[in-house]
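We did not get these values from a lab; they are worked out from the coordinates using the rules stated. Please read these numbers as outputs of a predicted model, since none were measured by experiment. Because the Cβ atoms are built from the backbone with ideal geometry, glycine has one as well, and the counts that use them run over all protein chains shown.
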Amino acid sequence: MSEERLARRLQLSSALVLAGLGVQAGSLGWRHPTAFIVFMLGGGLLLAAGVLLFLWSVVSLPKRGE
């Protein structure tokens, strides 16, 4: 994997995490029963996708010398 491709994946994963945190922060001020669903499903899924993409990007790095 080239360094440029790794950098792009890391940028995408950080954008997903920030989007998830933004959704969660926005739903905290919302006083409605569906705010919990938006918090968990919307924000939680974006956050989990960003973390998993980050971990996958780091694990799939080729070893030195390969």
Can you name the residue in the stretch 9-32 that is crowded, with 17+ Cβ neighbours inside 10 Å and within 8 Å of the chain's Cα centre (by Cα) and, of all such residues, is nearest to Val59 (Cα to Cα)? Ser13
Can you list the helices (runs of 4 or more DSSP H) lying wholly within the chain that have 3 or more residues being touching a residue at least 60 places away in the same chain (Cβ under 8 Å)? none
Checking the structure you have, find out if any residue of the stretch 56-63 is closer than 29 Å to Ser2 by Cβ and basic (Lys, Arg). yes
